[in-house]
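Right, one structure below, let's go through it.
All of the numbers you see were taken from the coordinates with simple rules; none came from a lab. Given the structure is predicted, the values throughout are model-derived calculations rather than measurements. In this analysis, Cβ positions are derived from the backbone assuming ideal geometry, glycine residues included, and neighbour counts consider all displayed protein chains.
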Amino acid sequence: MLYSSHFKKYSMDNTIIRKYDIRGIIGKDLQINDGYEIGRKFGQTVASVCVGYDSRIDSPGIERELIRGLTLSGANVIRVGLCSSPMLYAATQITQADLGIIITASHNPSEYNGFKFFSNKKVFSDQEIKEIISNPIKDSTRIGSLININIYSEYIRILKSAVKNNTTQKLKIAWDCGNSPASGIIRYIEKILPGHTHIVTNNSIDGAFPLHDPDPIEEKNLAQLIDIVKEYGCDLGIALDGDSDRVRLIDNKGNVVSNDHLFMIFAREVLEEYPESKVIANVKMSMKVHDFVSKLGGQVITCATGHSLVKKKMVEEEAKFAGELSGHFFFSELGFDDGLYSAVKAVDILLKKNQSLSQVIEDLPKLYITHEVKIVVKDEKKFQIIESIKKTLEKQNIVFSDLDGVKVTDNKGWWLLRVSNTQNCITARCEGETLEGFELTKKVLFHYIDEARSLNCSCS
């Protein structure tokens, strides 16, 4: 029997196709029925697809449309249901599905939603996504099947595998699940990290994110967790983002741990197990990371920002570990980024060292570095602004790297301006070799931040 699509000309807003995923505001540039069209287009390219969705209010409705589109195109769907991105990645690996799609907008505010794509064989770029979306819908000769699976027990086993050290030391750990699907896993945290005291907040699955946005990089979203760490005398606090593939730590004194330092902590462990191995750091990471890893006998390879770009570079270089400033950490034994797995690894390292987290941080190189600064700009202007600043630097004969935006390095330090892959902003950061170099570099950076703001108003 022949099934005809009888579709109108597709008019999905292509501005929601980002560097490595699809993301937009529901009802504005992303529609519920975009799920159907994406399902039809991607369903034509593969035989089997794992599908999951996060805690956002519109995610179940988009999931229904996505599955309808996939099956009408003949793809067999393995439905994981409500899950984190790492759970969907794990399910795709375990079932050996050709493709995984999770409906999520990660750390973005509640009005956003989108789609992330995962394959055991390839990494999806914006060009590949656009190419698939631009293909016409073909008439299908069959309807794909639909089965439901429960990934919880397998995923808990994966998390337990991160625990290597048997110790009698017991920790008091504060968790902020960010109202994400990780809340469903935290119920089983005693199976993963038994005997410790776990204090959990924002552990209801709620796509409205009532107390704060699910973005742990924004320090205002960590205030609640910091208060809990201080009030209960916790050994550490752990914050996860909206789809639980990113992590942020609070130390025992209530200080936010820089992900530059967390990268060093993880890299040191990896290099103990795999001496002289390669690790991947995104362009925003501290230069002290490079020095630290080199002294341990490892090699740092710099990569553009974007979790799928980092994953691709990791595969190409056969690296054992990779990390981004935003809290995406990749371990080779997993093959994907996982905030909860990284958190369990961090706890395991603390148990091994028998030191407080603040003591571990004190032993690491001191950083003279800014937080990531976000300059909100019009989405359609952000690339124009960076290109304009490049032209200014060229006229001034200033050498820069354009691996990811604009990065200028000299003997005092470095500064960076780059386009956000997921938000309507330009991000900025700078670092000094010394405190004096930091202050000088920061002045230069803020000159160009002012220029970016001016260009946002004047770019045509």
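Some observations on this one:
- Value of relative contact order over the stretch 392-439, rounded to a whole percent, pairs C-alpha under 8 Å and six or more apart: 25
- Set of aspartates and glutamates with alpha-carbon distance to Lys295 below 14 Å, sequence-local pairs under 8 removed: Glu269, Glu272, Glu276
- Antiparallel content of DSSP bridges confined to the stretch 1-155, in %, to 5: 40
- When the C-alpha to C-alpha distance is required to be over 21 Å, the pairs from Lys312/Lys412; Lys41/Lys378; Lys19/Lys381; Lys288/Lys320; Lys19/Lys374 that qualify are Lys312/Lys412; Lys41/Lys378.
- FRET efficiency, Thr141 to Asp29 (Cβ-Cβ, R0 30 Å, nearest 0.05): 0.35
- The stretch 349-460 shape via C-alpha gyration tensor axes, a/c threshold 1.5: prolate
- Pairs of Cα atoms in the stretch 58-150 fall into 5 Å distance bins, from 0 up to the last occupied one, in shares of 3, 12, 20, 26, 23, 13, 3, 0, 0 percent.
- Label-to-label distance, nm, for residues given as Leu296 and Thr15 (7 Å Cα→Cβ offset): 4.3
- Per-bin percent of Cα-Cα distances, the chain [20 Å]: 24, 57, 18, 1
- Placing unit charges on each Cβ (+1 for Lys and Arg, -1 for Asp and Glu) gives the stretch 251-348 a dipole about its Cα centre, and among Leu296, Ser258, Gly323 the Cα reaching farthest toward its positive end belongs to Ser258.
- Spherically averaged projected area of the convex hull of Cα atoms, the stretch 232-361: 7.4 nm².
- Estimated at 0.36 nm per residue, the fully extended path between Ala208 and Lys191 surpasses their Cα-Cα distance by 3.2 nm.
- Length-normalised contact order of the stretch 57-118 in % [C-alpha pairs under 8 Å, at least 6 apart]: 28
- For the chain, size of Cβ-based charge dipole, Lys and Arg +1, Asp and Glu -1, in debye: 600
- Neighbour cut-off at most 13 other Cβ (10 Å), DSSP loop, trypsin sites (Lys or Arg not before Pro), the stretch 243-293: Lys253
- Relative contact order, percent, the chain [alpha-carbon distance under 8 Å, six or more residues apart]: 12
- With Cα atoms defining each centre, the stretch 154-210 and the stretch 96-113 are spaced 21 Å apart in the structure.
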